[in-house]
Amino acid sequence: MCDKIKLMHEKGGGFMTKKTKYYILLGVNIFLVLALSIAVFGFVKRNNDYKDAKTEIKHKQTTIEQQTKTNKELEEKLKQSEDNKASIQAELDTTKQENESLESENAKLKTEITQLKAKKASAVSSANKPAVPQNPQPTGKVCYLTFDDGPSANTLKILEILNRYNVKATFFVVDNAQTKIEYVPQIHAAGHTIGLHTASHNYAKIYSSVDNYFADLNAISSKVNSLIGLDSKVLRFPGGSSNTTSRKYCQGIMSVIAPKVTEMGYTYFDWNVDSGDASGHLSSSKIASNVLQQARNKTSICVLMHDAVGKVTTVDALSAIIEGLINQGFYFAPLTTESHGYHHGIQN
Ligand SMILES: [Zn+2]
């Protein structure tokens, strides 16, 4: 303490009055109270803040715990779904293997089917060319004129023309509502061959079974026998041996009946010249030119014509046909079981 202040104390306060001291003391007290209040207030506030923060932290902790729990559950689920996925994948693999094995089985079956089809086709194709005996080709320039589906209202006119040229022909007869079966004896008496063409000429009936065919053939055979006293062994299949219409009614029937009729002593005949008179209404000149054109360059011919109601132009064409064929050097003969068959080849 400096000497001056020491002096002032010693002199009993000197420059400071009692009142002044009091105010100073009061001021200091007020200051201390204020400072204490501020400190207390600050402490309380900080304490509250701390409490709030603690609550918030606790809340956050709870949230985190919940989140963790949820995460764990999700992980569990994920694991389960992964397990499921693995099991599904395993099933998928098994199914795939089964598919592959089925596919291979399928391919094998397909191959077998193809082979069977090929075998069947080869069987059918060999059936298409049955070894049906056929008489050898004639040596001369012979013409066999043939008339199918009669007798009819045209038969007598045909007989008259043939007689005029002294030409012998063959009639493949039927016996149904449209035919004049009573002309058979007259045809036979004129020296022509009576051939068999079935009684009904109904494709749906005759080609529905082998038995039905032979029943119909026997019917016309008996009828002819009853009229002329002969069993004709010359025949022509309706539609020819190469007809494919019969497929509709019975698959493979021609392959059976063609060799069978041959075994039974019949000779069947197709043709190698078609007058075309079966289709539509051809003019007589067209019918004649069809025959004469097809006959050219052939050494022997079997000519298909029709003796049926409505085939008037065939009758009209006949003279021109005979004269034209004579000019080409042909002679005429009726078919017998010894004649060449002009077989087309079986297609059913
Ligand atoms: Zn016919």
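Which of (1) away from the ligand (no atom under 15 Å from the Cβ); (2) buried (at least 21 other Cβ atoms within 10 Å of the Cβ) is the odd one out, the single condition ILE206 does not satisfy?
(1)
With the condition being modelled with pLDDT of 95 or more and charged (D, E, K, R), I'd like the helices (runs of 4 or more DSSP H) fully within the stretch 148-206 carrying at least 1 qualifying residues.
Details: elements: 155-164, 184-189, 203-206.
So the answer is 155-164, 203-206.
Check whether at least one residue in the stretch 136-144 is modelled with pLDDT under 85, away from the ligand (no atom under 16 Å from the Cβ), not aromatic (Phe, Trp, Tyr) and not assigned by TED's automatic domain parsing to the domain that holds HIS192, and report yes or no.
Of the residues in the stretch 136-144, the ones modelled with pLDDT under 85 are none.
No; the residues of the stretch 136-144 include none that is modelled with pLDDT under 85, away from the ligand (no atom under 16 Å from the Cβ), not aromatic (Phe, Trp, Tyr) and not assigned by TED's automatic domain parsing to the domain that holds HIS192.
Restricting to the stretch 280-310, count the residues that are part of a loop (DSSP other than H, G, I, E, B) and in contact with a Leu (Cβ under 8 Å, 6 or more places away or on another chain).
Going through the stretch 280-310, the residues part of a loop (DSSP other than H, G, I, E, B) turn out to be 280-283, 296-300, 307-310.
Subset that is in contact with a Leu (Cβ under 8 Å, 6 or more places away or on another chain): none.
Counting residues in the stretch 280-310 that are part of a loop (DSSP other than H, G, I, E, B) and in contact with a Leu (Cβ under 8 Å, 6 or more places away or on another chain) gives 0.
Looking at the stretch 236-257, which of the residues that are of a type in the set (A, V, I, L, M, F, W, C), away from the ligand (no atom under 16 Å from the Cβ) and in a helix (DSSP H, G or I) is surrounded by the fewest Cβ atoms within 10 Å (Cβ to Cβ)?
Taking the stretch 236-257 first, the residues of a type in the set (A, V, I, L, M, F, W, C) are 237, 250, 253-254, 256-257.
Restricting the remaining residues to those that are away from the ligand (no atom under 16 Å from the Cβ) gives 250, 253, 256.
Cutting the leftovers down to in a helix (DSSP H, G or I) gives us 253, 256.
Details: ILE253: 21, VAL256: 17.
Ranking the candidates gives VAL256 first.
When only residues in the stretch 263-305 that are closer than 29 Å to SER221 by Cβ and modelled with pLDDT under 95 count, which is farthest from the chain's Cα centre (by Cα)?
Out of the qualifying residues, it is ALA278.
Evaluate the stretch 184-194: report whether one residue or more is within 15 Å of the ligand (Cβ to nearest atom) and in contact with a helix residue (DSSP H, G or I) (Cβ under 9 Å, 6 or more places away or on another chain).
Yes, that holds for at least one residue.
The values are calculated or read from the model by the stated rules, or taken from the named source; none is laboratory data. Here the structure is a predicted model, which means the values were calculated and not measured. We place every Cβ from the backbone using ideal geometry, glycine too, and count neighbours over all the protein chains shown.
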